[in-house]
Each structure stands twice: as C-alpha cells, then as structure tokens.
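Working notes, structure below.
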Amino acid sequence: MDTNPQSPDWWRLPALAAWIPLLAAGLVPDAAFVLLREAGRVTTITALVNNSWLVTFALSAYVGSFIAFRCREGGDSGAEAGDKGVQAGLLGLVAFMPFPLQDPSDLLRIPSPELRWLLLATLASKGILWLYLTSLLLRYYLGGSAEVFRRMPTFLSGGRRHAPESAPAPESKDTNNSGKGGPSSADDDY
C-alpha cells in the first residue's frame, strides 16, 4: 500500500497549454486552415485538400479518441469508453464546424426569419458545445482525474451501463404440458 501522498503531475500544465491552440483552431477552423496553408506555403492549386472541414474532422476524431482512452484508463469498460469517445467526437463535429462569419450583424439582416433562427441556433449550439468540451478538458487537466470523463453522461450506451451483472435464469418449461389438453391450456374451455 502506498502511504506517500501523490505528488502533483507537472506535465499537466504543458499538456493543457498544447490544447489551447487546438481548441482555438476548433473555434475558428476557417482561419486555422488558412493559417496552416499559408504557413506551409501551399497554394490553392497544389493543395490536396481545400476545405476547412479537414480541421473539424481531425479535431473531432482526436478529441473523441482522447476521451475514449482516458475513460478506459479510468476504469470504464471498453464498450462504454468507446461510446463516450464516439459521443465526444460527434459533439466535436458541431463544436468545431466552420461557421464563416465576418460580421455578426449579417445574421440579423437575413430576410427569412426561419433561416435566421436556424443559423443563430446553429451558432449558439456550436458555442455551447465548444465551451462544454473545453470545460471537460480544463477540469481534467486542472482537477487531475479521469473521473471527469467517466462521469460524462452518454446517450449511446444502449443500456449497457444499467445491465445486470448476471443474466436472469431462463424460465422453466413443463415437459409434461404439450399445450393441448394440459391443465393450463385455455383451448380446452371451448
């Protein structure tokens, strides 16, 4: 048994600092994609991918796999950790999706109210989910425990979490009762 108190993990702060540019790129993937393309001196004509959704898909996959591994490391079963990872990846797709918006007042000038409300709801859900994923990572790195991800509610479990430990015993069948003329058959009353 370990009687020494656990020392703080000093690698958590540099790891959190490495997440900051990734989360910033997820908030504005259009700008991050252009910045990466310009930093690599890749022209539009020679680029293999000319779409900022590459940043969205890559970050979503990375966040989903990171959370799945931390859940597994924290003691979740492989299926439950996988469910949480897939769910985090799906949340990341919305949180990190490109939303080209140079002037926020442009949204208020959209003539169709349905389209305006749809775009405002999309922008709000993007912001809320980005804040949720960011808060999960902040709580993990500042709190120091994978319990943050293990306590994360999941909607993809399919009832695995609350399944009983042992399977219920099968019902016993009476071999003497053939279903015709037996004492419990309802067909004999006619």
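For the range 82-91, the condition of being open to solvent by less than 50 Å² (accessible area, probe 1.4 Å), without any contact (Cβ under 8 Å) to a residue 40 or more places away in the chain and within 23 Å of SER125 (Cβ to Cβ) holds for at least one residue.
Only one of the numbered conditions (1) within 15 Å of LEU23 (Cα to Cα); (2) of a type in the set (S, T, N, Q); (3) open to solvent by 60 Å² or more (accessible area, probe 1.4 Å) is not met by ASN51, and that is (1).
Under the condition of being among the hydrophobic types (A, V, I, L, M, F, W, C) and surrounded by 12 or more Cβ atoms within 10 Å (Cβ to Cβ), the residues counted in the range 36-46 number 2. Screening the range 1-113 for helices (runs of 4 or more DSSP H) wholly inside it with 2 or more residues that are under 27 Å from TYR140 (Cβ atoms) and in contact with a helix residue (DSSP H, G or I) (Cβ under 8 Å, 6 or more places away or on another chain) returns the ranges 12-27, 29-39, 53-74, 78-95. Of the residues PHE66, PHE33, PHE99, the single one that is under 11 Å from the mean Cα position of the chain (by Cα), open to solvent by less than 50 Å² (accessible area, probe 1.4 Å) and of a type in the set (Phe, Trp, Tyr) is PHE66.
Scanning the range 138-160 for residues that are more than 16 Å from the chain's Cα centre (by Cα), of a type in the set (Ser, Thr, Tyr) and either open to solvent by 60 Å² or more (accessible area, probe 1.4 Å) or modelled with pLDDT of 80 or more (or both) yields one hit, TYR141.
The values are calculated or read from the model by the stated rules, or taken from the named source; none is laboratory data. Values in this document were obtained by computation on a predicted structure and should not be read as measured data. All Cβ positions, even for glycine, are placed from backbone atoms using ideal geometry, and neighbour counts span all protein chains on display. Side chains are part of the model used for accessible areas, which takes the heavy atoms of the whole protein and leaves out ligands, DNA and RNA. Shrake-Rupley method; radii C 1.70, N 1.55, O 1.52, S 1.80 Å.
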